[in-house]
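Visitor: Let me give you the structure first, and then I'll get to my questions.
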Amino acid sequence: MSCNVRRANFEHEFGVVPRIRGSLHFGPVIVGEIGDVKRAIVFNGDVMNTAARLEELSRKVDGGFLSSRAAMERFKSDPPFTIRDLGRLPIRGRADGIDVVGIDAPAIA
């Protein structure tokens, strides 16, 4: 079944087509456990804030997936997808912005 057929079926059944988005960033995080009765694992750090801000930006970008340029440079080989250089974008909490790339999903058969 082609992607367009799936999309049409989903829209017919639910009235809307979901749009998936995401972000990628690397760095150190602080991991902790909180709570006595109901425990939860929490992650804190600049990397979490930056990834969240990238996810906010991904709502406005074709394809819906963003990565920091620094994260993409950590890979040892070329990715199995196309990336688009989006330049330095302003993000909340960083005065100088961050270098961002858009990630194009591979075609679905």
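Visitor: What accessible area, in Å² to the nearest ten, does a 1.4 Å probe give for Glu55?
Guide: Result for Glu55: roughly 50 Å² accessible.
Visitor: Could you tell me the ratio Rg/Rh of the stretch 1-49? Both radii from Cα atoms, Rh via Kirkwood. Numbers along the way, then the final one.
Guide: On the way: Rg = 19.2 Å, Rh = 14.7 Å.
Here Rg/Rh amounts to 1.30.
Visitor: Might you work out the accessible area of Asp46 for me, using a 1.4 Å probe with all protein chains in place, and round it to the nearest 10 Å²?
Guide: 90
Visitor: Next up: Provide the gained length on full extension for the span Thr82 to Phe10, in nm with one decimal, where the gain is 0.36 nm per separating residue minus the Cα-Cα distance. Provide the component values of the computation, followed by the final result.
Guide: Values: separation 72, 0.36 × 72 = 25.92 nm, distance 2.68 nm.
So the chain would gain 23.2 nm between Thr82 and Phe10.
Visitor: Also, I was wondering about something else. Over the chain, average the accessible area per residue using a 1.4 Å probe and give it in Å², no decimals.
Guide: Details: 8100 Å² over 109 residues.
Accessible area per residue: 74 Å².
Visitor: Heavy atoms only, probe 1.4 Å: what % of the accessible area of the chain goes to carbon and sulfur, would you let me know? Kindly include the intermediate steps, with their values, before the conclusion.
Guide: Numbers: 4560 of 8100 Å².
Whole-percent figure for carbon plus sulfur exposure: 56.
Visitor: What is the calculated FRET efficiency for Arg94 to Ile34, with r their C-beta to C-beta distance and R₀ = 30 Å, to the nearest 0.05?
Guide: Numbers: r = 27 Å, r/R0 = 0.89.
My answer for the efficiency is 0.65.
Visitor: What is the Cα convex hull volume of the chain when expressed per residue in Å³?
Guide: On the way: hull volume 18.5 nm³, N = 109.
So the per-residue hull volume is 170 Å³.
Visitor: What list of whole percents do you get for P(r) of the stretch 53-102, with Cα-Cα distances grouped in 10 Å bins up to the one holding the largest distance?
Guide: 25, 56, 18, 1
The values are calculated or read from the model by the stated rules, or taken from the named source; none is laboratory data. What you see is a predicted model, and the numbers here were worked out from it, not measured in a lab. Virtual Cβ from ideal backbone geometry, glycine too; neighbours counted across all protein chains shown. Heavy atoms of the whole protein, side chains included, go into the accessibility calculation; ligands, DNA and RNA do not. Shrake-Rupley method; radii C 1.70, N 1.55, O 1.52, S 1.80 Å.
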